[in-house]
Amino acid sequence: MRLLKKYPNRRIYDTQTSKFVTLSDIREMVNGREKFRVVHSKTGNDLTRSVLMQIIIEMEAEGHESLLTNKILEELIRFYDDKMVAVMSPHLEQMILQSLAVQDQLREQFKSAFTQPYPTPEEAIKQMMDQYQELTGQKPPRG
């Protein structure tokens, strides 16, 4: 897991590469599914969540469509004042992860549907004949 240190001057230092990184760099880490943790350089407090929220705010400012509508944000605020937050947090996380898994499957299906070459008429006929033989155990009738 990469350790990133955030300094009082708001700069973030990647201890693995020994370089300062930007929110854009961290966004690339997220997209690359790299594990990291952001801590305050002096106190060691975990700042990962606040940095991730900053990235979301920056993305929306760039014009990306918001996933967190005002209605969703209002409901999230209400959850924080409810004793059910401990129950809802894992449930909400699981729902989002399942939704992302379905999205990944759809992307793969679309990708393979549009990247596979169309068979020639001869290849298509041969494939149908082979499938007929597999299903029936007989050679297809000639006509």
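The values are calculated or read from the model by the stated rules, or taken from the named source; none is laboratory data. Everything numeric here is computed off the predicted structure, so don't read it as measured data. With ideal geometry, Cβ positions are generated from the backbone for all residues, glycine too; neighbour counts draw on all protein chains shown.
Within the range 31-50, if we keep just the residues that are surrounded by 12 or more Cβ atoms within 10 Å (Cβ to Cβ) and either β-branched (Val, Ile, Thr) or in the same structural domain as LEU100 (by TED's automatic domain parsing) (or both), the residue that is farthest from LYS6 (Cα to Cα) turns out to be THR48.
A single entry from ILE72, ILE26, ILE125, ILE56 fulfils the requirement of being surrounded by 11 or more Cβ atoms within 10 Å (Cβ to Cβ), without any contact (Cβ under 8 Å) to a residue 24 or more places away in the chain, within 25 Å of ARG2 (Cα to Cα) and among the aliphatic types (A, V, I, L, M): ILE56.
When residues in the range 81-117 are screened for being surrounded by fewer than 10 Cβ atoms within 10 Å (Cβ to Cβ) and among the aromatic types (Phe, Trp, Tyr), 1 of them pass. Scanning the range 5-23 for residues that are more than 26 Å from LEU67 (Cα to Cα) and without any contact (Cβ under 8 Å) to a residue 24 or more places away in the chain gives ASN9, ARG10, ARG11, ASP14, THR15, GLN16, THR17, SER18, LYS19, PHE20.
Show me the strands (runs of 3 or more DSSP E) entirely contained within the range 2-44 in which 2 or more residues are under 18 Å from GLN54 (Cα atoms) and charged (D, E, K, R). Show your work before the answer.
Working: elements: 2-6, 12-14, 19-21, 36-40.
Because the criterion is at least 2 residues that are under 18 Å from GLN54 (Cα atoms) and charged (D, E, K, R), the strands (runs of 3 or more DSSP E) in the range 2-44 that meet it are 2-6.
When ARG33 is tested against the conditions (1) in contact (Cβ under 8 Å) with a residue 40 or more places away in the chain; (2) on the phi > 0 side of the Ramachandran plot, the lone failure is (1).
Selection of the range 59-69 for residues being surrounded by fewer than 10 Cβ atoms within 10 Å (Cβ to Cβ) and among the small types (Gly, Ala, Ser) yields ALA61, GLY63. So for the range 11-23 (the condition being surrounded by 11 or more Cβ atoms within 10 Å (Cβ to Cβ), out of contact with any Ser or Thr (no Cβ under 7 Å at 6 or more places or on another chain) and small (Gly, Ala, Ser)), does at least one residue qualify? Among the residues of the range 11-23, not one is surrounded by 11 or more Cβ atoms within 10 Å (Cβ to Cβ), out of contact with any Ser or Thr (no Cβ under 7 Å at 6 or more places or on another chain) and small (Gly, Ala, Ser), which makes the answer no.
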